[in-house]
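Quick notes on the structure that follows.
The values are calculated or read from the model by the stated rules, or taken from the named source; none is laboratory data. Computed from a predicted model, the values in this text were never measured in an experiment. Cβ: placed from backbone, ideal geometry, glycine included. Neighbour counts: every protein chain shown. Only protein heavy atoms, including side chains, enter the accessible area calculation; ligands, DNA and RNA are left aside. Shrake-Rupley method; radii C 1.70, N 1.55, O 1.52, S 1.80 Å.
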Amino acid sequence: MPRSLLVLLLLVAAVAGSWLARSAMLRWRDLRAAQTYELAAETRPVLVRAGAAALCLTCVSALGVAVLLGERPGRGPAPRAVAAAGAERQAVAGSADRAVSAPSSAPPPVAVPFGSVGRAAGGELLQGAVPGPDGRARAVRVWLPAEYGQDPAARFPVIVLHSGTAGRTADADLPDVFDGVASAVQQGKSRPFVVVAPEAPSGTGHPCDLVAAAPQAVADDAVLRTAVAAAFRTLPAGPGGWSVLGVDGGAPCAAAAGLARPDLYGAAAAVSGRYDAKALTGAAAEAPGAVTARLLLASAKRDGEASASARAVQSALRDARSRAEVRTSDVVQDYTADRERLRLVRVAVQYLAEKLAKP
């Protein structure tokens, strides 16, 4: 075969192999993102593209050897070249297998620097950029209470503060929420908490619907929890030291997360929310059978709509014979809505502290 034709075939095989390998990697990233949220995804497209890329690479190896050796009529490829091509084929096949199985492996630890962005409610507010499931960075704000700096050896429980606004952290809409947390501590109704406020996913206009539909889509995934644990003195992630809170628009997110993932949160509190009782009942049905979810649904006395919504959730869970322990509270009243929200947050934090104190 003419040498120029061999070179042409070599270039075609190399381009095709590169395109197929890149396509396989993109499909693999989509598969990993889907498995992060426990969504259905097919592995066949990844395998097909990886196998085709391996075949192209084998052709490139064989053609490269032929080009280097030149045209030798009457002789086939050298045995050593054939052995090298076979070894290359096995290596590529092994790489494809590792690529398909990679989504099930645990994410590697990520070192995230958190820088101070100001002070709030007597504590310090910091912010970092933590990689999300899709690889893009998301803002995560962490509030350290005043007590954090008093004892360098102390470790603190965590409140995950959910936002109901896509692409924003909860404190952006509720700048006084940390005052309610600090107020509970100052009045002796709670121990100090570290508050973690992740940015809500921007791929949907209703982040709370995403949490209810896919419990694995909680904002504080494994990468975020690892980053927080590495940067701050918090109790280990889990029901013994982590809880979840949502206010107003973020309340349905906190309720769904607490009901669906009691293996992550020891308690959940939702304040002044409007809830989809059917969706939350479905989320509770996804909870691990051996763990009991604990949830407080709190609202102001004059907020009749929120109170009715909370009672509807409680009744729906009771009718479904859910194991979840749901408490409602609608006795708080004050002169202004802001003061009522502060008192409601204080009640919610007290509830979280009481439930986390139990073994």
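If contacts are Cα pairs under 8 angstrom and at least 6 residues apart, what is the relative contact order of the stretch 183-274 in percent? Don't skip to the end; give the middle numbers.
Details: 119 pairs, mean separation 22.0, N = 92.
Relative contact order of the stretch 183-274: 24 percent.
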Expressed per residue, the solvent accessible area of the stretch 215-298 in Å² (1.4 Å probe) is about 28
Summing +1 per Lys or Arg and -1 per Asp or Glu among the other residues with Cβ less than 14 Å from VAL326's Cβ gives +4
Share of accessible surface on carbon and sulfur in the stretch 239-317, whole %, 1.4 Å probe and ligands ignored, is 52
Mean accessible area per residue over the stretch 161-202 (1.4 angstrom probe, all protein chains present, square angstrom) is 34
In whole Hz, the Karplus estimates of ³J(HN,Hα) for the stretch 290-297 (6.51, -1.76, 1.60; θ = phi - 60°; x where Gly or Pro) are 8, 10, 9, 7, 10, 9, 10, 10
Semi-axes (Å, rounded, descending) of the ellipsoid equivalent to the stretch 200-306 per its C-alpha gyration tensor are 22, 15, 15
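Translational D (Stokes-Einstein, µm²/s) of the stretch 260-308 at 20 °C and 1.002 mPa s when Rh comes from the Kirkwood sum over C-alpha pairs? Provide the component values of the computation, followed by the final result.
Values: Rh = 11.9 Å.
Rounded to a whole number, D works out at 180 µm²/s.
Just the Kirkwood number for the stretch 145-275, please: inverse of mean 1/r across all distinct Cα pairs, in Å, one decimal.
Numbers: mean 1/r = 0.0677 Å⁻¹.
Radius from the Kirkwood sum: 14.8 Å.
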Between the alpha carbon centres of the stretch 136-189 and the stretch 230-304 the gap in Å comes to 16
The whole-number value in µm²/s of the Stokes-Einstein translational diffusion coefficient for the stretch 301-352, with Rh from the Kirkwood sum over alpha carbon pairs at 20 °C and 1.002 mPa s, is 175
Taking every alpha carbon pair in the stretch 224-281 and sorting the distances into 5 angstrom bins from 0 up to the bin holding the longest one, the percent per bin comes out as 4, 20, 23, 21, 16, 9, 4, 1
Filtered hits (aspartates and glutamates, Cα-Cα < 13 Å from LYS189, offset >= 8 within chain) -> GLU354
Counting only protein heavy atoms with a 1.4 Å probe and every protein chain in place, the carbon and sulfur fraction of the accessible surface of the stretch 146-192 in whole percent equals 47
Along principal axes, largest first, the alpha-carbon spread of the stretch 159-226 in whole Å comes out as 39, 25, 19
